[in-house]
Every structure is written in structure tokens, then in C-alpha cells.
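Here is the structure we will look at.
Throughout, read-outs are computed from the coordinates displayed, never taken from laboratory work. Note that the structure is predicted; figures quoted are calculated from it, not measured. Note that we place each Cβ from the backbone using ideal geometry, even for glycine, and neighbour counts take in every protein chain shown.
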Amino acid sequence: MEKALRFSYYPPSDELNIHFEEPRPCISKEIDDEIYLRLDSKTREIVGLTILNFRQRFARAKGKMLSFDLPVLARIQLLKREAKIPEV
């Protein structure tokens with residue numbers, strides 16, 4: 001089943017949510033330090049990720065570019081309804 005990624009950021013709790021489909025009731029399982037896998041509470045299907053202290057992670061870089069890996073494998077493809085990738 002194809003799913004589009006949706007991102008939402010909630011400043012008061014400094015929380016980034018990555019949704020693989022429409023948000024719905026779920027349970028969370030910590031898979032790395034302050035990174036949670038969100039699972040459908042009935043089917044256990046993965047419905048998203050939550051990253052806590054998202055902005056703080058970047059503030060610690062003090063002007064340097066910060067990157068971090070998510071402990072998740074993904075297959076990415078452009079949706080057919082999206083604009084074509086320009087020729088290089």
C-alpha cells in the first residue's frame with residue numbers, strides 16, 4: 001500500500017511527527033533515544049514516528065550542520081500525480 005509522508009511540528013513540546021497516513025489512535029514504542037515508532041493500537045501497523053526535542057537537537061550543533069539517522073528503512077518514490085523531475 002502506498003502512503004505519503006506528512007510532517008507536523010508542535011513547538012510547545014518540541015515534537016516532530018512523521019505520519020505515513022492520516023493520524024489515528026496509536027501506541028508508541030521507543031526505538032532510540034527520544035525517537036518513537038507509532039503503531040496502530042489494533043493492527044500494530046506502523047503509522048509514523050515521533051522525534052522529541054527536535055529543535056534542541058539542532059541547537060546543540062551551535063552553527064554547524066547537524067544530521068542524525070533514523071533507525072528506519074524506507075522506500076521512496078515520487079507519486080505519479082506530482083510534478084515531473086526536471087531534466088539535468
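Odds and ends about this structure:
- Scanning residues 5 or more positions from Glu45 or on other chains, those with amide H under 5 Å from its amide H are Asp40, with H placed 1.01 Å from N in the peptide plane.
- Sparsely packed GluC sites (Glu not before Pro) within the stretch 25-55, loop by DSSP, other Cβ within 10 Å at most 15: Glu34, Glu45
- Applying the criteria of a DSSP loop state and at most 13 other Cβ atoms within 10 Å to the trypsin sites (Lys or Arg not before Pro) of the stretch 17-63 yields Lys42, Arg44, Arg60, Lys62.
- Residues whose amide H comes within less than 5 Å of that of Asp14, counting only those at least five positions distant or on another chain, are absent (H built at 1.01 Å from N in the peptide plane).
- Each residue of the stretch 42-58 was assigned a 3J(HN,Hα) from its phi angle through the Karplus curve 6.51 cos²θ - 1.76 cosθ + 1.60 (θ = phi - 60°); the sequence is 9, 8, 6, 6, 6, 10, x, 10, 10, 10, 7, 6, 4, 5, 4, 4, 7 Hz, with glycine and proline shown as x.
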